[in-house]
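The values are calculated or read from the model by the stated rules, or taken from the named source; none is laboratory data. Computed from a predicted model, the values in this text were never measured in an experiment. Backbone-built Cβ (ideal geometry, glycine too); neighbour counts: all protein chains shown.
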Amino acid sequence: MYVNLIRVVVVVAVLLFAVWGQAKSEERAPTDRDQKIEELDRSIKTLSDQLRDLKDERAAEKAVAAANRETITQLTTQVEKMGSSRVFDSSSWLNRFTLGGYGEIHANFGNRDTQNQLDIHRLVLYVGYDFNDWIKFHSETEVEHAFVSNESSGELSIEQAYVDFLLSNRFNVRAGRFLTPLGIVNRKHEPPAFNGVERPFFDKFIIPSTWSSDGVGIFGSITPSLKYEAYLVAGLDGSKFDAIDGIREGRIEQSPSLHQPAFTGRLDYFPLAQRDAPFGQSLRLGVSTFVGGLNNGNEGNNPDIKGNIAIYSGDFEYTISKLDFRGDVALEKISGARQIGNGTAKGILGWNVEGGYHVWPDSWKKGKLSRSDAVVFVRYDSYNTQYEMPSGIARDPAGVLFPPPTRRGGRG
């Protein structure tokens, strides 16, 4: 009996505990559901906000696209309206012109007999015209020293005016006034093409730059590595040669006589042209010549000079990485120097060599400075317009610059 009573009490206790646990569970369940509902509400709100933002972005994109379409429509309309304009017609004569040019302004600081001054040394206008894809006109007109008059040293001249007939890579024809194909600077005499302010002495007194010739000839590429030029041109006026300037004043810049024409030409060899040379290497080796009579004058007024001249020249240009090297040498042989007088030598010799290093960092070549550069260079110039004199004619030391000790025609 006692045992049974204990059992009943235990059973009743278990039942009461189960009922109490179920009640507690029923009390907690609504709290979990509420939390889940709240989390679901927050998620729905977040998604609604994101959807609204996407709608706003889409509306903005549609507005931009509509504005772009309107702009394109306007531009298309403008282009169609201008379609008949010659400015936008690729076949129009107006678009066949090419205009260019360059200028040099020097600040000269002298000593003793030379005054400090600013000099607009050169102002050059280039005009080109393409008659079609194989007939092209080129010209350069130059004003020197800013003012041209009888009392000034200024000069107005046509340096180049020629027509190229481009027939093929190997054979083309050139006629008119063009640059005599001697040396480096005479053919590429724009200021950025040579280092320094003034042109080298070699290119003033040995190959007198700028030296133009009037005539006709041929040019082209024999192979990708070998180019040539050959011209029949008007000759020089030998009576203008002298001891100081050599042949410089013998150039005829107005209307040269054709009494004794000359031949001039050159060959250029590019040994690395067909190779993938490391370190950005390039090399050009050139030889050139000018051979002709000296009895020529302006407007056919020939000086009655019996003589001729032969010029033999060689030059090179080599680049490796940021280093540039170049050099020229020329020998001039003049027959009839004694008759010419003026201290004219029968042999003139000159040469120069130059090395430069591009110090401008590549990291600076951006934006408006993408084509900027700076070069530190050193050059050695040597010329001797009194290299070899006719027998019995004294040398003028003023025509000699930096002669090596073993060279003929030294000082004195």
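What about PHE263, is it of a type in the set (Phe, Trp, Tyr), surrounded by fewer than 20 Cβ atoms within 10 Å (Cβ to Cβ) and in a strand (DSSP E or B)? Reasoning before the result, please.
Values: of a type in the set (Phe, Trp, Tyr): yes; surrounded by fewer than 20 Cβ atoms within 10 Å (Cβ to Cβ): yes; in a strand (DSSP E or B): yes.
Yes; evaluated as a whole, the condition is true for this residue.
Got a number for residues in region 105-142 being surrounded by 11 or more Cβ atoms within 10 Å (Cβ to Cβ), within 30 Å of VAL173 (Cβ to Cβ) and either at pLDDT 95 or above or of a type outside the set (Lys, Arg) (or both)?
Result for region 105-142: 17.
The conditions are (1) surrounded by 12 or more Cβ atoms within 10 Å (Cβ to Cβ); (2) outside the structural domain of GLY327 (by TED's automatic domain parsing); (3) not basic (Lys, Arg), and ASN195 fails exactly one of them. Which is it?
So ASN195 meets the others, but not (2).
Residues in region 181-226 that are of a type outside the set (A, V, I, L, M), over 20 Å from ALA330 (Cα atoms), modelled with pLDDT of 95 or more and outside any loop (DSSP other than H, G, I, E, B): how many?
7
Just one of PRO261, PRO271, PRO278 is farther than 29 Å from ALA345 by Cα and in contact (Cβ under 8 Å) with a residue 40 or more places away in the chain; which is it? Walk me through it before giving the result.
Working: PRO261 fails: farther than 29 Å from ALA345 by Cα; PRO278 fails: in contact (Cβ under 8 Å) with a residue 40 or more places away in the chain.
When all the criteria are applied, what remains is PRO271.
Suppose we keep only residues that are surrounded by 21 or more Cβ atoms within 10 Å (Cβ to Cβ) and either touching a helix residue (DSSP H, G or I) at 6+ places or on another chain (Cβ under 6 Å) or of a type in the set (Phe, Trp, Tyr) (or both) within region 308-344. Which one would you say is farthest from TYR380 (Cα to Cα)?
ILE340
Of the residues in region 269-285, how many are at pLDDT 95 or above and touching a Pro at 6+ places or on another chain (Cβ under 9 Å)?
Number of matching residues: 4.
Filter region 239-259 for residues that are within 32 Å of the chain's Cα centre (by Cα), part of a helix (DSSP H, G or I) and crowded, with 20+ Cβ neighbours inside 10 Å and give the result.
GLY250
Could you please let me know if ARG411 is part of a loop (DSSP other than H, G, I, E, B), over 39 Å from the mean Cα position of the chain (by Cα), outside the structural domain of LYS204 (by TED's automatic domain parsing) and at pLDDT below 90?
yes
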